[in-house]
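Step one of this worksheet: look at the structure below.
The values are calculated or read from the model by the stated rules, or taken from the named source; none is laboratory data. Quantities reported herein were computed from a predicted structural model and do not represent experimental measurements. So basically every Cβ, Gly included, is an ideal-geometry build from the backbone, and we count neighbours across all protein chains shown. In case anyone asks, the SASA skips ligands and DNA or RNA and just uses the protein heavy atoms, side chains included. Shrake-Rupley method; radii C 1.70, N 1.55, O 1.52, S 1.80 Å.
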Amino acid sequence: MKRGMIMKYEELEAFFRSLDRSQFLEDEFRDYAYVDRPLPIGFEQTISQPSLVLMMTAHLRPEKDNKVLEIGTGSGYQTCILAEFSKEVFTIERISDLTVKAQERLKKMGYGNIHFRTGDGSLGWPEEAPFDRIMVTAAAASLPFELISQLKEGGLMLIPVGPQDFQELQLIRKKKDGTFEVETVEMVRFVEMKGKYGWNKK
Ligand code: SAM
């Protein structure tokens with residue numbers, strides 16, 4: 001699969017199966033890389049379970065010319081899959097050590113189309129907006145309108161919304177007239193998104 005082609009599910013699944021998840025884990029967790037579970041990545045954060053990453057990418061449907069914003073870089077596992085199927089990824093992580101590690105990993109793997117930032121992703125990346133796709137991999141208390149405003153008309157955003165225990169994974173479709181539709185995909189469980197438009201306002 002060449003980077004940048006329109007994503008078909010079979011191509012996504014083939015790439016997903018070829019991607020060695022252990023590359024995104026610390027030594028002590030590498031043996032568990034192929035267990036379909038979230039795993040610790042330090043700083044009380046987790047890498048999501050593989051099946052959830054596959055399902056979320058399939059719902060977001062990144063395309064060849066897409067500019068994608070990701071909130072919650074974490075290990076860089078989801079970032080890698082987004083980078084494979086889009087033109088450019090702008091990814092934001094609030095914990096600088098995680099940003100540094102993900103950046104090193106993905107650079108070593110040969111990805112040159114990812115831009116990293118440490119900061120509050122609930123504010124988005126206004127200088128680079130609008131985005132064709134936005135993937136949020138931490139749970140928001142409510143829909144952050146700042147992020148919706150950075151979504152291109154016709155664009156898609158996937159975001160877990162709700163309390164700490166369980167959230168609705170919502171697919172936001174921004175219409176040509178600037179209004180948006182919300183579809184609930186399924187129930188999920190993510191760590192909370194912090195920040196100005198997150199759970200913890202710091
Ligand atoms: N997608 C990641 C992966 O594949 O490893 C897993 C993401 S983890 C479930 C959620 C991440 O969101 C954590 O690394 C956490 O530090 C980050 N996060 C939480 N609030 C944030 C915010 N306001 N801005 C940026 N990152 C945030």
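Across segment 46-62, not a single residue is classified as loosely packed, with under 13 Cβ neighbours inside 10 Å and closer than 18 Å to Met157 by Cα. If you check Lys2 against the conditions, is it out of contact with any helix residue (DSSP H, G or I) (no Cβ under 9 Å at 6 or more places or on another chain) and at pLDDT below 95? Taking the combined requirement at face value, the residue satisfies it. Gly195 falls short on exactly one of the conditions (1) touching a helix residue (DSSP H, G or I) at 6+ places or on another chain (Cβ under 8 Å); (2) modelled with pLDDT of 95 or more; (3) not aliphatic (A, V, I, L, M), and that condition is (2). Out of all the residues in segment 129-148, which are buried (at least 18 other Cβ atoms within 10 Å of the Cβ) and aromatic (Phe, Trp, Tyr)? Once the filter is applied, which keeps residues that are buried (at least 18 other Cβ atoms within 10 Å of the Cβ) and aromatic (Phe, Trp, Tyr), segment 129-148 yields only Phe131.
Reported count of residues in segment 134-152, each being closer than 21 Å to Lys194 by Cα and either away from the ligand (no atom under 15 Å from the Cβ) or not aliphatic (A, V, I, L, M) (or both), is 9. Elements of the type strands (runs of 3 or more DSSP E) sitting completely within segment 128-202 and holding at least 2 residues that are among the basic types (Lys, Arg): these cover 167-174. Looking only at residues that are small (Gly, Ala, Ser) and within 9 Å of the ligand (Cβ to nearest atom) in segment 68-118, which one is surrounded by the most Cβ atoms within 10 Å (Cβ to Cβ)? Out of the qualifying residues, it is Gly76.
Entry remark, segment 162-194: residues being of a type in the set (Val, Ile, Thr), open to solvent by 20 Å² or more (accessible area, probe 1.4 Å) and within 15 Å of the ligand (Cβ to nearest atom) number 1 in total. If you go through segment 97-114 and keep only what is touching a Lys or Arg at 6+ places or on another chain (Cβ under 8 Å) and outside any helix (DSSP H, G or I), you end up with just Asn113.
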